[in-house]
1. Given the conditions (1) more than 14 Å from every other protein chain (Cβ to nearest Cβ); (2) surrounded by 14 or more Cβ atoms within 10 Å (Cβ to Cβ); (3) in contact with a helix residue (DSSP H, G or I) (Cβ under 9 Å, 6 or more places away or on another chain), and given that residue B:23 satisfies all but one, which numbered condition is not satisfied?
2. Write out, first by first residue and then by second, each pair whose Cβ atoms fall under 7 Å of each other, whose residues are 6+ apart or on separate chains, and whose first residue, in region C:77-88, is at the interface with chain B (Cβ under 7 Å from one of its Cβ atoms) while the second is modelled with pLDDT of 95 or more and crowded, with 22+ Cβ neighbours inside 10 Å.
3. Kindly establish whether residue A:30 is without any contact (Cβ under 8 Å) to a residue 40 or more places away in the chain and part of a helix (DSSP H, G or I).
4. Restricting to region C:95-133, name every residue that is within 11 Å of chain A (Cβ to nearest Cβ), more than 18 Å from residue A:19 (Cβ to Cβ) and surrounded by fewer than 17 Cβ atoms within 10 Å (Cβ to Cβ).
5. Among the numbered criteria (1) under 28 Å from residue C:48 (Cα atoms); (2) part of a loop (DSSP other than H, G, I, E, B); (3) at pLDDT below 95; (4) more than 14 Å from chain B (Cβ to nearest Cβ), which single criterion is violated by residue C:62?
6. Would you check if residue A:12 is crowded, with 19+ Cβ neighbours inside 10 Å and free of Cβ contacts under 8 Å to residues at least 40 places away in the same chain?
7. Report yes if residue B:87 is free of Cβ contacts under 8 Å to residues at least 60 places away in the same chain and surrounded by fewer than 21 Cβ atoms within 10 Å (Cβ to Cβ), otherwise no.
8. Mind listing whichever residues of region B:34-51 are away from every other protein chain (no Cβ under 14 Å), surrounded by fewer than 20 Cβ atoms within 10 Å (Cβ to Cβ) and within 17 Å of residue B:21 (Cβ to Cβ)?
């Protein structure tokens, strides 16, 4: 089991995504929630960093948050979309959780 | 809340700790000691002065365990043990001595 | 699964299980209350005899900057308290190299002795923890 990193801020507003990407080991998971979901949408400045990270790290996004922001059709291919129970599963299946507040 | 000695007023919180550390002086310490039913001796003052110095250095009131260890280091093992400190301050060295020394309640003090 | 965040299991405590706790400090000191709150939680955690590590990354590195003087802003300068941690047997202090360099700081600019780790080493350290608390 490996760590789960949760990011809830827009990558254009705060640097928490950068920090999480820097600290996430291969095989771990980064879950984007709330304003964090903008990072996994096409054309966002973070797209290339997300695509690069996906080579070693699993990237997930909470779809209720994607949908709430009208971004459900703009998600980068390869990003896993999870609902709230999927969120719980991710937490349960992780060795520990780091919330990048 | 608070008390007054020789025309000088000292503000305290609901548990009797001085609100403003800078107001502390020997008169205040003597008054707080009486309220705590502690009769001040040179041994008591030694601990009080140690605490004030510790606070000055680190900006916190130490936990009992930390206080005991630090006193042992500075004043010797015969003073750096809880038996000695509890004899001086029966209701808890950190809590009682900190109050008399005009420090806030130690962080993590239950 | 092991513990995710927070919560010390009472049974574990009674049986004396020691868990690895990492406190990650990522905010500059006076603009928000995170740094001070983290410090208080760390001091309290010392009472539980756990295996505690403190990590300073991103703007959290600024918490340790020497020469803080808060008189004029009317706030309490809590930077001296980091020097008290040793007395609380909290001796594992780590600073992320990349964060420190991005802020023009070196280990000599800090109020305490720390171990400087690169992001990859820090990632390993975090992976080893039972509980990671972020401030």
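1. Going through (1) more than 14 Å from every other protein chain (Cβ to nearest Cβ); (2) surrounded by 14 or more Cβ atoms within 10 Å (Cβ to Cβ); (3) in contact with a helix residue (DSSP H, G or I) (Cβ under 9 Å, 6 or more places away or on another chain) one by one, residue B:23 breaks only (3).
2. From region C:77-88, the pairs are C:78/C:39; C:81/C:39.
3. Judged against the criteria, residue A:30 is not a match.
4. C:128
5. Evaluating residue C:62 over (1) under 28 Å from residue C:48 (Cα atoms); (2) part of a loop (DSSP other than H, G, I, E, B); (3) at pLDDT below 95; (4) more than 14 Å from chain B (Cβ to nearest Cβ) leaves (2) as the failure.
6. No, not satisfied.
7. yes
8. B:49
The values are calculated or read from the model by the stated rules, or taken from the named source; none is laboratory data. These figures come from a predicted structure and were not determined experimentally. Cβ atoms come from the backbone with ideal geometry, glycine included; neighbour counts cover every protein chain shown.
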